[in-house]
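A.B. asks: Once you've had a glance at the structure underneath, I'll fire off some questions.
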Amino acid sequence: MTVAENIRTILEELGNTKLVCVTKTVASLNINEAIEAGAAIIGENRVQEFEDKCDGVLPCERHLIGHLQTNKVKKAVEFFDVIQSVDSMKVLQEIDKKAEDIGKIQQVFLQVNIGKEPQKYGFGLDEIGQVITEIRSLRNIRVTGLMCIPPYVPSEQARPYFKRMKALFDELKQEHQGKEDNIDIRELSMGMSGDYRVAIEEGATMVRIGSAIFGNRHY
Ligand SMILES: *Cc1c(COP(=O)(O)O)cnc(C)c1O
């Protein structure tokens, strides 16, 4: 199967669920094949890698999905429409500052460490309430979604984590509905090549798929 065929098959299967086509380690030529076949959003892990290849990439919506260090925030704000991998107040404050500098309202998703794994980034479930309170004063940020990477387990075992994310998503959506604040949660980004079907069953509005489109990555 070619990249274009994979994109078309997956888009058909996803229906209304949005696809983030994960293009880390993929050359711009192949990224463009995906975009021409209908991929509207691409996801990259590293700011530097994307800076190096973005000139060759066709117009599309660009999401950062990898951990962001504060010293890379300026460029991340410059290059990405959405930063899905926001995982600390410190990085939020820096994003707010750099966005203000260029007159941008930066869309972000909050990454939740749903499996409470010490080696993974993300806010704890119990931190989210406090974080959202603090974000209200950051005028150059708009929170439009939640993102998670559940523990690396067979897809059926990831289901409870997806369920927990969906519950949080529904709760926050309801709480902020109609409020004039910068919390406008619309997207629930969860599910990758191995588990996106389960994630969709549990309410994902957006899945992030790489290897099922481009084949296995060779680092
Ligand atoms: C690499 C990556 C993906 C895609 O993983 P695949 O298993 O290749 O589909 C999704 N989300 C994040 C955050 C990633 O780093």
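A.B. asks: Run through every distinct alpha carbon pair of segment 92-219 and return the Kirkwood hydrodynamic radius in angstroms, one decimal place.
C.D. replies: In segment 92-219 this quantity evaluates to 15.6 Å.
A.B. asks: Using a basic spin-label model with each label point 7 Å from the Cα along Cα→Cβ, how many nm lie between Met89 and Leu58?
C.D. replies: A separation of 4.4 nm, rounded to one decimal place.
A.B. asks: So which trypsin sites (Lys or Arg not before Pro) in segment 177-219 pass both tests, a DSSP loop state and at most 10 other Cβ atoms within 10 Å of the Cβ?
C.D. replies: Lys179
A.B. asks: Using 0.36 nm times the number of residues separating Glu36 and Glu127, minus their current alpha carbon distance, what extension gain do you get? Don't skip to the end; give the middle numbers.
C.D. replies: Numbers: separation 91, 0.36 × 91 = 32.76 nm, distance 4.03 nm.
Length gained, Glu36 through Glu127: 28.7 nm.
A.B. asks: Return the lysines within reach of Lys97: Cα separation strictly under 17 angstrom, same-chain partners fewer than 8 residues apart disregarded; answer none if there are no such residues.
C.D. replies: Qualifying lysines at Cα under 17 Å: Lys72, Lys74, Lys75.
A.B. asks: What distance in nm lies between label points placed 7 Å from Cα along the C-beta direction at Lys163 and Thr2?
C.D. replies: Output for this residue pair reads 4.3 nm.
A.B. asks: Using the eigenvalues of the Cα gyration tensor, what equivalent ellipsoid semi-axes result for segment 3-214 when each is taken as the square root of five times the eigenvalue, whole Å, largest first?
C.D. replies: Equivalent-ellipsoid dimensions as semi-axes: 25, 22, 15 Å.
A.B. asks: Of all the accessible heavy-atom surface of segment 3-214, with the other protein chains kept in place and a 1.4 Å probe, what percent is carbon and sulfur?
C.D. replies: C and S fraction of accessible area: 46 percent.
A.B. asks: Let me ask something else about it. Which semi-axis lengths, in whole Å and largest first, follow from the square roots of five times the eigenvalues of the Cα gyration tensor of segment 140-201?
C.D. replies: For segment 140-201, the semi-axes come out at 26, 11, 8 Å.
A.B. asks: Can you pull the accessible area of Glu78 for me, 1.4 Å probe, Å² to the nearest 10?
C.D. replies: My reading of the accessible area for Glu78 is about 110 Å².
A.B. asks: Label Glu13 and Asp181 with points 7 Å out from Cα along Cα→Cβ: what is the distance between them in nm?
C.D. replies: 3.8 nm
The values are calculated or read from the model by the stated rules, or taken from the named source; none is laboratory data. Just so we're clear, the structure is a prediction, and the values are computed from it rather than from any experiment. When we count neighbours, we look across all protein chains shown, and the Cβ atoms used for this are built from the backbone with ideal geometry, even at glycine. With ligands, DNA and RNA removed, areas are computed over all heavy atoms of the protein, side chains included. Shrake-Rupley method; radii C 1.70, N 1.55, O 1.52, S 1.80 Å.
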